[in-house]
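A short worksheet on the structure shown next.
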Ligand SMILES: Cc1cc2nc3c(=O)[nH]c(=O)nc-3n(C[C@H](O)[C@H](O)[C@H](O)COP(=O)(O)OP(=O)(O)OC[C@H]3O[C@@H](n4cnc5c(N)ncnc54)[C@H](O)[C@@H]3O)c2cc1C
């Protein structure tokens with residue numbers, strides 16, 4: 001079925017020989033590798049200047065098969081920390097440790113915590129080995145009249161070595177959303193207005209080596225991600241509250257770490273070894289993912305929240321699906337791609353809401369007690385196959401797993417009020 005201009009491309013995907021990719025993060029470099037590997041002429045524009053440290057350091061296990069496919073797992077493992085699970089800290093007294101090797105029928109039972117600058121360089125290297133060209137340039141776009149088409153500006157076109165416009169422009173530029181802003185495409189925003197402060201520290205404790213730690217705080221939550229020789233720490237807290245702790249990002253982070261009862265104990269001996277990087281307004285996804293001669297991938301398509309470390313997986317999955325759609329030559333494939341990514345983002349969004357309203361942590365806590373009883377052990381056997389696989393990324397779009405968790409967060413909390421564990 002041919003796609004309308006409002007909902008997809010009018011060109012036959014097989015005719016798309018020249019592909020411009022804006023952005024060399026996991027989504028852009030991943031898409032470039034898959035498309036160039038299929039024989040298309042791909043040029044990636046990768047912005048040279050990047051922040052001193054980059055978020056997206058904790059990978060879920062479902063990312064590992066992509067690293068294998070790109071041939072970079074060994075390279076990544078050499079500079080990363082092996083990650084065997086996740087620790088959820090409910091309050092000063094209680095926590096839950098999840099081990100990926102206890103997930104029944106899991107395909108991958110581990111993952112990595114990565115320094116993102118090196119990780120992105122590894123993926124770009126893989127894209128180049130597949131035949132993609134990488135140009136260090138911030139590529140600019142312009143709209144083609146009043147149409148649904150975009151064009152590369154002259155300097156980018158020349159840098160790519162093309163005399164004609166590319167057949168397809170992929171925006172993989174992350175949350176700057178270059179293309180959708182240019183075309184005035186609306187975004188759906190989430191209901192949180194948090195600010196994330198991110199820095200690296202020496203001397204911060206982790207409870208289970210290698211695990212990503214999610215700490216529920218008096219206000220908001222924190223992550224602790226062990227990297228080689230240091231720990232990445234992030235605070236995700238309402239911006240109005242953070243402003244009470246100082247003016248600069250550094251003042252706010254340092255003062256908040258001394259203030260909060262859950263983290264101040266393990267943060268006391270810490271030494272911050274990087275500046276603090278601030279992120280705001282990151283719960284947003286587009287209302288359209290493909291157009292006449294363009295497509296969005298990764299965060300440029302949508303980013304729902306960092307709490308389950310899902311961003312890099314969504315980036316690789318969308319890059320993979322998009323490349324398959326483009327290469328397939330099926331005119332309806334891009335529309336299916338758009339639908340599939342939207343469904344994926346919707347699922348993560350649902351699960352993330354259960355984290356913030358306290359249902360998920362309450363369910364985890366109830367599960368700890370129920371598992372001690374024999375009927376509980378039976379239920380747990382079934383549960384261990386489905387529930388954790390949503391968080392490892394293996395079953396995010398499995399309807400049964402999602403329905404099971406959905407049922408449990410509604411009916412499986414016993415008499416516990418989830419508000420006791422909500423994230424303020
Ligand atoms: C606070 C926070 C914590 C997070 N923690 C995690 C985590 O632990 N695990 C996880 O998996 N995900 C995490 N994420 C999400 C993760 O960072 C992203 O989902 C992931 O990086 C998306 O990859 P991407 O390639 O789409 O975008 P990006 O990684 O943002 O890459 C886009 C690249 O494109 C470049 N660019 C932009 N415009 C242009 C242009 N015009 N020309 C050339 N280059 C351009 C940018 O400079 C950037 O390098 C976190 C996000 C936030 C905000």
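The values are calculated or read from the model by the stated rules, or taken from the named source; none is laboratory data. Since the model is a prediction, treat every value here as computed from it, not as a measurement. Counting neighbours? That spans all protein chains shown, and the Cβs are built from the backbone with ideal geometry, glycine included.
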Among the residues of segment 137-165, how many are exposed (fewer than 14 other Cβ atoms within 10 Å of the Cβ), touching a helix residue (DSSP H, G or I) at 6+ places or on another chain (Cβ under 9 Å) and in a loop (DSSP other than H, G, I, E, B)?
3
Cβ-Cβ distance below 6 Å, separation of 6 or more or different chains: which pairs start in segment 288-306 with a residue that is within 30 Å of residue 216 (Cβ to Cβ) and at pLDDT 95 or above and end on one that is within 8 Å of the ligand (Cβ to nearest atom) and in a loop (DSSP other than H, G, I, E, B)?
298/172
State whether the residues of segment 24-40 include one that is near the ligand (Cβ under 6 Å from one of its atoms) and over 15 Å from residue 119 (Cα atoms).
no
Does segment 92-102 contain at least one residue that is within 28 Å of residue 175 (Cα to Cα) and in contact with a strand residue (DSSP E or B) (Cβ under 9 Å, 6 or more places away or on another chain)?
no
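Show me the helices (runs of 4 or more DSSP H) entirely contained within segment 18-130 in which 2 or more residues are within 18 Å of the chain's Cα centre (by Cα).
Details: elements: 26-37, 64-70, 73-79, 116-129.
In segment 18-130, the matching helices (runs of 4 or more DSSP H) lie at 26-37, 64-70, 116-129.
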State all residues of segment 249-296 that are outside any strand (DSSP E or B) and within 30 Å of residue 143 (Cβ to Cβ); if no residue qualifies, say none.
281, 282, 283, 287, 288, 289, 291, 292, 293
Residue identified as closer than 22 Å to residue 35 by Cα and assigned by TED's automatic domain parsing to the domain that holds residue 299 among 142, 136:
136
Please indicate, with yes or no, whether at least one residue in segment 252-268 is within 14 Å of the ligand (Cβ to nearest atom), crowded, with 20+ Cβ neighbours inside 10 Å and farther than 26 Å from residue 50 by Cβ.
no
Taking residue 331 as the residue in question, decide whether it is away from the ligand (no atom under 16 Å from the Cβ), farther than 13 Å from residue 170 by Cα and assigned to a loop (DSSP other than H, G, I, E, B).
yes
Sort out which residues of segment 166-179 are buried (at least 16 other Cβ atoms within 10 Å of the Cβ) and either free of Cβ contacts under 8 Å to residues at least 24 places away in the same chain or part of a helix (DSSP H, G or I) (or both), and write them in order of number.
174, 178, 179
